[in-house]
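To start, the structure under review is shown below, and the notes come after it.
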Amino acid sequence: PLFTKLVLPFLGGTPTVWNTCLVFFQAALLLGYGYAHVLTRVRDARRRAVVHIVVLALSCLALPLSIRLNGDPPPGSAGILWLLALLTASLGAPFVMLASGTPIIQRWLADSGHPDSANPYFLYAASNLGSLVALLCYPVFVEPTLRLSTQRAIWSAGYLALIGLTIACALIMSRDGSPGTAYRPLEAASRISPLDRAQWVLYSAVPASLLVGVTTFISTDVAPVPLLWVLPLSIYLLTFVFVFATHPPVRHWLMTRVEPHVLVIISIPIFWGLRLSGLIGIVAHLIVLYVVAMVCHGELARRRPPPAQLTEFFVWVAAGGLIGGVFNAFVAPIAFNGVYEYPTVLALAAMLSVTGDKSRFRTADVMIPAAFAICLLIVSLRLEAPPGKPALLVTIVLGAAVFSFRDRPLRFGLALAFVFVTGHVRERFGTNQAAILDAERSFFGVYRVSRDAGADIVTLYHGTTLHGAQSILPGRRLEPLTYYHRSGPSGDVFALTRAAQ
């Protein structure tokens, strides 16, 4: 949040700024984990520690934290590349080294004779808990009370303190003969199959994509408040804390049972094009993120390898996180003219469901959801959204039918995907819907020009915010409306200007 606030004067408060920063941090995380994995190839423990401390010291050349790129950002989507270059030049090296600390310290513990060395993953939970505490403290305590210059100075001092603590850990690890701390080589690693790696990537990519998707969705279609960006990331971190804790406070099997219910419930307003406004919408989408992330991250925790392969495990987890973030932050704005990446990932999460029958593919897994979607489109095309009785009946049938597919993950996911596609077709071509004349997406959000059925007004929306309107009647085409009407402040300005002339 500190560095995102530094770049706000350049790019404004669009959620794309935050999402681009998240993707950068995921890329730096991958580089940091990759560095940690390569470092483990050095067989001598003391040499590994010395190399790491030297590289840490060299990263201090990037301190104090500051903006290290001249010039203003270019217009349009090129601002994404400018922001990535700014982040890389300004804090790339320190953050990569920060990222490497978690797997390196875990591996040091695993190499020791400490009683907890058999399961060092609890340190990953501790690391995410620290991130969560800092994230929540920033908008409440840090940002309101400290100037940005003071924040940057404190952060730089904290980075130096971290290097000192890392040196202390290295000294403890190097004390030969000390009970519980002497270097102890790990047992031979077990074989990791390509399927294992693919599952690690998928189970990390879906929550990472959903994190960015929910952030964009609630900022665009619920409430465009920058402070909301902190909430999805807090939940994302919290799920890591829960699933990698020594004694997880939430049972994994419970989350796997809850997930189908949550996915079906959230699919209904998306199908009807209903915007869950205010607190209800925020809470609903955050619950979806929490449940799906708990299931996927729980699978990562359940499938984690022995400590000897800990660093490789985190490399693949970081790769999945980067893939999910890149899809949302870079691919989706180019490929879609709406926030369609969110329902896309919801359908993928359903396909990754860990409950039900996982037997081989059946043709019915595609044909049944497709036939259901065609029937749903025919029935709903002329219906208005609930609370009308016909629409409520369709909603009940929709929910019950999709939920009945939950024991076949592929069928369940495809059914959700077809429901979302059907809802989009209904929104564009339904007889009772506003005719969408144009829809575009840029670095700053989604824009839609539409005309309600039978109305003589064309409207411009940014997300769910009305930003302009124009009459299509010949005599009123130049009449100012919405913000700029004649009886409003803008009209007063023009009236006073004419009077002064």
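The values are calculated or read from the model by the stated rules, or taken from the named source; none is laboratory data. Predicted model, so just to flag it, every value in this text is computed and none were measured. FYI the Cβ positions are ideal-geometry reconstructions off the backbone, even for glycines, and counts take in every protein chain you see. Surface accessibility is based on the protein's heavy atoms, side chains included, excluding ligands, DNA and RNA. Shrake-Rupley method; radii C 1.70, N 1.55, O 1.52, S 1.80 Å.
Computed from Cα atoms alone, the Kirkwood hydrodynamic radius reported for the chain is 25.3 Å. Just the protein heavy atoms count here, and of the accessible area of the chain at 1.4 Å, carbon and sulfur take up 68 percent. Helix 364-380 axis versus longest C-alpha principal axis of the chain: approximately 30°, rounded to the nearest ten.
Between residue 46 and residue 157, what is the FRET efficiency for a Förster distance of 25 Å, r being their Cβ-Cβ separation, to the nearest 0.05? Could you put the intermediate results ahead of the total?
On the way: r = 28 Å, r/R0 = 1.13.
The pair residue 46/residue 157 has a calculated efficiency of 0.35.
For 496, 86, 414, the ranking by accessible surface with the largest value first comes to 496, 414, 86, using a 1.4 Å probe.
In the context of the full set of protein chains, residues of region 363-454 present 52 Å² of accessible surface per residue (probe radius 1.4 Å, heavy atoms only). Around the Cα centre of the chain, unit charges on the Cβ atoms of Lys, Arg, Asp and Glu (plus for the first two, minus for the last two) sum to a dipole of about 540 debye.
Ranking 137, 64, 347 by how far each Cα lies toward the positive end of the dipole of the chain (charges on Cβ) leaves 347 at the top. In plain terms, the chain is cut at each of the GluC sites (Glu not before Pro) found in a DSSP loop with at most 14 other Cβ atoms within 10 Å, and the longest leftover piece is 188-383. The long axis of helix 148-173 is offset from the longest Cα principal axis of the chain by roughly 30 degrees.
Maximal additional length on extending the residue 145-residue 436 stretch stands at 100.2 nm, based on 0.36 nm per residue less the C-alpha distance.
Near residue 1, within a Cβ-to-Cβ distance under 14 Å, what is the net charge of the other residues, with Lys and Arg +1 and Asp and Glu -1? Combined, the nearby Lys, Arg, Asp and Glu give +1.
Subtract the Cα-Cα distance of residue 367 and residue 119 from 0.36 nm times their separation in residues, and report this length gain in nm to one decimal. Could you put the intermediate results ahead of the total?
Values: separation 248, 0.36 × 248 = 89.28 nm, distance 4.54 nm.
Answer, rounded to one decimal: 84.7 nm.
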